[in-house]
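Scroll down for the structure; my scribbles are underneath it.
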Amino acid sequence: MFSQLLVNALIAASIYLVVAAGISLAYSVTRFFHFAHAAVIACGAYSVFVLHVWVGLPLSISALIAAPLGGAVGLALELLIYRPLRRKAAGPLVLLLASIGAYVVLQNVMSLAFGDASRSIRPTSVQEGLPFLGARITCVQLISIAVALALLIILLTAFVRTRWGKMARAVMSDPELASVSGINVDGVILWVSFVASMLAATGGILQSLDVDMTPTMGMTALLAGVVAAVVGGIGRLPGVVLGAIFLALAQHLSTWIISTQWQDAIAFAILLAFLIFRPEGFMGKKVRETTV
Amino acid sequence: MMLEIRKLDTGYGKKQVLFGLSMEVRNGEIVAIIGPNGAGKSTVLKAVCGLIPAWNGRMCFDGTTTNGSTPAQNVARGITFAPQGNRVFAGLNVMENLQIGGFQVPRKELRGRIAQVLDVFPVLKDRAKQDAGNLSGGEQQMLALARALIARPKLLMLDEPSLGLSPNLVRSVFGKIVEINRDTGVSILIVEQKVREVLRVCNRVYSLKLGKLAYDGTPEELRDDKGKLKELFL
Ligand SMILES: Nc1ncnc2c1ncn2[C@@H]1O[C@H](COP(=O)(O)OP(=O)(O)OP(=O)(O)O)[C@@H](O)[C@H]1O
Ligand SMILES: [Mg+2]
């Protein structure tokens, strides 16, 4: 029983990890909280649903197409909403409100298109699962853990090694200085939005492999992602791993004691505790106020 | 003429900060802008590098009108800028900061350029892998200067490079600035509060007051006229 809880936590952590990495990335370059990520998460899941169930493509191909589709949604949001607002010198609060608006619109579009009832892409026959540390884990679950880890490693390597990664880190550190160094900051924000949204959509896809999807599924995943990102230290990708595992363990191990309905409450409690006592997260450094 | 500003009006949002400002920097010159806090000194540099748009008037760099250019375009033309506050990319190490400074430099050349600039700033050489956020204030200023030099600018703009430095370090930063100007012939436009020090190194000086030109002349005139200097800062 205990090892099964651990395995479940690991699977949850892999989904949180992907979502949190996207949130952390988007926040670090744009300095506002992308609420609409919740819709992008659901977009990822429903894209797979359309491609796999309606069009009839294999699940793997559907997922490979759905992830960049989610990225494209993020791209569109940036181009149509956030960038024009930023040009008008809108602050983070205005951008957050716009993002909430975008979420509501997108979520309603999905409700209209697919209905509010849950949809599923999971195989109808129940899978037995492979024995793993005295628990059972299905092939799909193993793949989702592997995908999450692989994405994170690729992301981290790209950030440290590549020219693009350095550009993105420069923009995160000081957008104005990046701009006067000759970096096209709007361009960086654009492709980071794409990558971040692709991660969000991937989170949605992974989740839909495990549970049924609804148009509002993104909210819970977003909350988990935010908690993992805050716990890990926002903008710190390695910290996000710790944050995701921490949250998943807390949620799943607590089901020993209390009912699973309390999982969101636990996530919120952790979020509040960290915001109050350690806002910089596990790994984050105290934010240094920039001078003048 | 390296830089020519004619009747420039600009500001932030609806607030006008500069009123009909005209000034120029000739080839190889060090030109200082002085003036009290809030006079609009930094705003001049931000307008020239393209961070804020000109509302009226004309800016001309090396024969090309630069009104409406982006900062990236201006860097490509040869204008680099070290903004106020000794800013570096914290979270990136010293080497990466320099690589970002040479962002538009062809990859093959970049390594050589960095080595050259590091020769001018030996303190940075030992700290190549250190996070720029953890450097001392003086080291950060050196890095800010070095970063702005990698692109081999024709016009280097510095906003209060002496900010927060001890008197000794101020002298060594100004020493570096003169050395760079002498060795590379780069024109330098420098905003400075430490008037006495900057008057010692510049060829010409402008003083701003409430967004308008209050003085335009040589440092010698100003050094000898204590009354005038006081008046400019009142
Ligand atoms: N980003 C901004 N948004 C709005 N107003 C600004 C902004 N930056 C500067 N200002 C205003 O423009 C005016 C000139 O500012 P500027 O920074 O050019 O002054 P300065 O001469 O550089 O002063 P200091 O010596 O303190 O650096 C000030 O009144 C300031 O309040
Ligand atoms: Mg200033």
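The values are calculated or read from the model by the stated rules, or taken from the named source; none is laboratory data. Only a predicted model underlies this, so the values are computations on that prediction, with no experimental measurement involved. Reconstructed Cβ throughout: ideal geometry from the backbone, glycine too, with neighbour counts over all protein chains shown.
The table below lists the values:
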read-out	value
Every residue from the range B:84-124 that is within 16 Å of ligand 2 (Cβ to nearest atom) and more than 7 Å from every other protein chain (Cβ to nearest Cβ)	B:N86
Wholly within the range A:36-109, helices (runs of 4 or more DSSP H) carrying at least 3 residues that are away from chain B (no Cβ under 14 Å), out of contact with any helix residue (DSSP H, G or I) (no Cβ under 6 Å at 6 or more places or on another chain) and within 19 Å of A:S144 (Cβ to Cβ)	A:59-77
Filtered residues of the range B:135-147 (kept if more than 11 Å from the chain's Cα centre (by Cα) and more than 16 Å from ligand 1 (Cβ to nearest atom))	B:L135, B:S136, B:G137, B:G138, B:E139, B:Q140, B:M142, B:L143, B:A146, B:R147
Test: residue in the range A:31-38 that is free of Cβ contacts under 8 Å to residues at least 24 places away in the same chain, surrounded by fewer than 23 Cβ atoms within 10 Å (Cβ to Cβ) and over 28 Å from A:C139 (Cβ atoms)	no
Identity of the residue in the range B:6-37, within 14 Å of another protein chain (Cβ to nearest Cβ) and not aromatic (F, W, Y), that ends up nearest to the chain's Cα centre (by Cα)	B:N37
Inter-residue pairs, beta-carbon under 7 Å, first touching a residue at least 60 places away in the same chain (Cβ under 8 Å) and in the range B:141-165, second within 16 Å of ligand 2 (Cβ to nearest atom) and of a type in the set (D, E), 6+ apart	B:E160/B:E192
Single residue of the range B:30-65 satisfying the filter (of a type in the set (K, R) and buried (at least 22 other Cβ atoms within 10 Å of the Cβ)) that is farthest from ligand 1 (Cβ to nearest atom)	B:K46
Qualifying positions in the range B:67-80 - of a type outside the set (G, A, S) and within 14 Å of chain A (Cβ to nearest Cβ)	B:T70, B:P71, B:Q73, B:N74, B:V75, B:R77, B:I79, B:T80
Residue identified as within 11 Å of another protein chain (Cβ to nearest Cβ) and in contact with a strand residue (DSSP E or B) (Cβ under 9 Å, 6 or more places away or on another chain) among A:V160, A:V180	A:V180
Matching residues in the range B:175-199 - criterion: being assigned to a helix (DSSP H, G or I), of a type in the set (A, V, I, L, M) and more than 28 Å from B:K226 (Cα to Cα)	B:I180
Checklist (1) on the phi > 0 side of the Ramachandran plot; (2) at pLDDT 95 or above applied to B:G85, failing item	(2)
Test for B:F19: is it modelled with pLDDT of 95 or more and in a loop (DSSP other than H, G, I, E, B)	no
Residue within the range A:271-287 that is surrounded by 14 or more Cβ atoms within 10 Å (Cβ to Cβ) and in a helix (DSSP H, G or I) present	yes
B:I150, sole failed condition from (1) over 12 Å from the mean Cα position of the chain (by Cα); (2) under 26 Å from A:S28 (Cβ atoms); (3) within 16 Å of ligand 1 (Cβ to nearest atom)	(3)
Test: A:M167 is aliphatic (A, V, I, L, M) and more than 20 Å from A:F33 (Cβ to Cβ)	yes
Qualifying residue in the range B:31-45 (condition: under 24 Å from B:L199 (Cβ atoms) and hydroxyl-bearing (S, T, Y))	yes
Residue in the range B:68-77 that is over 25 Å from B:L143 (Cβ atoms) and more than 10 Å from ligand 1 (Cβ to nearest atom) present	yes
Hits in the range B:163-219 (condition: among the small types (G, A, S), surrounded by fewer than 20 Cβ atoms within 10 Å (Cβ to Cβ) and within 16 Å of ligand 1 (Cβ to nearest atom))	B:G164, B:A214
Residue count, the range B:96-122 (criterion: surrounded by fewer than 16 Cβ atoms within 10 Å (Cβ to Cβ) and not polar (S, T, N, Q))	9
Answer residue from the range B:153-162, given it is in a loop (DSSP other than H, G, I, E, B) and within 16 Å of ligand 1 (Cβ to nearest atom) and is nearest to B:L51 (Cα to Cα) among those	B:E160
Restricting the range B:38-59 to residues that are under 17 Å from the mean Cα position of the chain (by Cα) and more than 16 Å from ligand 2 (Cβ to nearest atom), the residue that is nearest to the other protein chains (Cβ to nearest Cβ)	B:G50
